[in-house]
Structures are given as C-alpha cells and as structure tokens.
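What follows draws every value from the coordinates through simple rules; no lab data is involved. Please read these numbers as outputs of a predicted model, since none were measured by experiment. Reconstructed Cβ throughout: ideal geometry from the backbone, glycine too, with neighbour counts over all protein chains shown.
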Amino acid sequence: MGSKQSKRSPLKNNPLRGPGQSTDETLQDLLIEKIVFPIIFAVLVVVLAVYHELCATIRATN
Amino acid sequence: MRDYKSYKLGRDGERAVGQSLEELRAFGFSVLHDLLGEGFNLDHALFTNKGIFVIETKTISKPTKGPAVVSFRGKQILVNGYGIDRDPITQVVAQAHWLAEVLQKSTGKQYPVKGVVVFPGWFVEPMPKSIKERAWVLSPKALIGFISHEPVRLKEDEVHMAVYHLSRHIRLPKQD
C-alpha cells in the first residue's frame, strides 16, 4: 500500500515548529537588516577611506 | 532598537508559555506551536478532549513598581488601566475560525475551537460574560483550571485525528 509514499524520506517534510519560531525569525531578519548591514557598510567606508588616504600619501612621498 | 526589544520580549513570552503548555502533555493533551497561516501565525494550539484551544500570547513588560493587572471595560481589555493597540480578542477569534476551517476541510468534521489570550506574568481579573463567550483572557497558570471545568466534547480518536491532520498540514511542503 502506497509504495511511492513509503519511499519518500521523512526528512524532506518540514519539521514541526517550536514556540516563538516566527518571532525569532523576524528578530534575526531585523538584526541583520538594522544592525549587521549598517556595520558592514560603515566598516567598508572606513576601509576605502583609509586605502584612499594611503594611496595619496604614497603618491605624495614618491 | 525599540522594535528589537519588543520582538525579543514577544519571543521570550511565547517560549515561556510554550514550555508551560508542554507540561500539559502529562494530562494527555497535545500541543503544536507556531502554526503558519497566510500572513499570520497561531502562537500555540492545544488539543484536548474538552476541545481545541488556540492560544495567543501577549507579552507586555511589567512595571518596575506597583501592580500588573489586566482588567476589562465593556468588551475592551485594559492593561494597568490603559487600552491596547490591537484587539487581541478579535485576533484570536479569527485565528480560532481559521483553525476550525482548516480542520473541517481536512477531516470533514466540525471541531470546537476556542480562542484564548494569555498575559504571562500579569494578574488577570475575571472576564465579563460578554468577553468569555467569545474568547478567554487569562494568565497562563489559570488555563488548566478553565479547561478542567469544560465538558468533554471530543473522543480520544477525534483528538488524535485533529492533531494528525494539522501536523500533516504543517509538515507537508507547500505545493507551488
């Protein structure tokens, strides 16, 4: 009976969810969007500014 | 940052209520958490022979001093005397209808589904009849007492069927 179904791995089904899982996922998204991304952007800007300054200094000394 | 704190508080409240509901398995109850609907979610669903209960957790930070009391004015819920933005009773009643509809479509049976709003950590005054008829508003600890006073409405196999069908509804991947 239902040989096709019995071959299907139960791991392919979604697991049951835990309490507060949706809120936790929203929280993680918020953390990435509002905290992690701005920090990465700020660090990138600082790195570029330092690189630009270094290039200018090297050019001036040569 | 305010959003972050309020989501964190909400998540912690849902987890705490979820853990207390897990303890009710000792009474032969079944519980499912975080059921996803279209654009909304049900925090918890409790399956008992007294009926099925959709539980919405409202976590509100308690004042540092003084009482933390949930009271009622007519059909409105007051938290330390103040109204709350969204009406959780309307919300949980809609969720209960949705769950009853899902079960009806899946099993062909009309299940009794009751909405419950819980306020973890707060003292909740007794509900007026006008609210009690629509949904219960309780502290999480009072839930088992309220359920025990209900008449038996479902046979054990009906409860198992509801849990099985809803678990399948959750677990089966969405067909695109």
At q = 0.12, 0.22, 0.24 Å⁻¹, what base-10 log of I(q)/I(0) does the Debye formula yield for chain A when every alpha carbon is treated as an equal point scatterer in vacuo? -0.63, -0.92, -0.97
With θ taken as phi - 60° and the coefficients 6.51, -1.76 and 1.60, list the Karplus ³J(HN,Hα) couplings across the stretch A:39-53 in order, rounded to whole Hz; mark glycine and proline as x. 5, 4, 4, 5, 5, 4, 4, 5, 4, 5, 5, 5, 4, 4, 5
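Kirkwood-based Rg over Rh for chain B (C-alpha set), two decimals?
Working: Rg = 16.4 Å, Rh = 16.9 Å.
In chain B, Rg relative to Rh is 0.97.
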Please give the calculated 222 nm ellipticity per residue for chain A, where each DSSP H segment of at least 4 residues contributes -39500 (n - 2.57) and the sum is spread over every residue; nearest 500 deg cm²/dmol? -20500 deg cm²/dmol
How many nm separate the modelled label positions at B:Lys155 and A:Glu33, each set 7 Å beyond the Cα in the direction of the Cβ? 4.9
In deg cm²/dmol and to the nearest 500, what is the mean residue ellipticity at 222 nm of chain B if only DSSP H runs of at least 4 residues count, each as -39500 (n - 2.57), divided by the residue total? -12000 deg cm²/dmol
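So for the protein assembly as shown: antiparallel DSSP bridges make up what percent, rounded to the nearest 5?
So the antiparallel bridges amount to about 60 percent of the total.
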Quick shape check on the stretch B:92-176: root eigenvalues a ≥ b ≥ c of the Cα gyration tensor, a/c under 1.5 is rounded, otherwise prolate if a/b tops b/c, else oblate, and it reads prolate
Tilt, helix B:156-171 to longest principal axis of chain B (alpha-carbon atoms), in degrees rounded to tens, equals 80
Beyond a 26 Å Cα-Cα separation, which of these cross-linked pairs lie in this structure: B:Lys75/B:Lys141; A:Lys12/B:Lys105; B:Lys8/B:Lys75; B:Lys50/B:Lys132; B:Lys8/B:Lys65? B:Lys8/B:Lys75
Hey, what angle do you get for helix B:2-22 against the long axis of chain B, alpha-carbon based, 0 to 90 degrees rounded to 10? 50
Shape category assigned to the protein assembly as shown from the gyration tensor of Cα positions, a/c cut at 1.5: oblate
Cβ-placed point charges (K, R +1; D, E -1), dipole of the protein assembly as shown about Cα centre in debye, nearest 20: 360
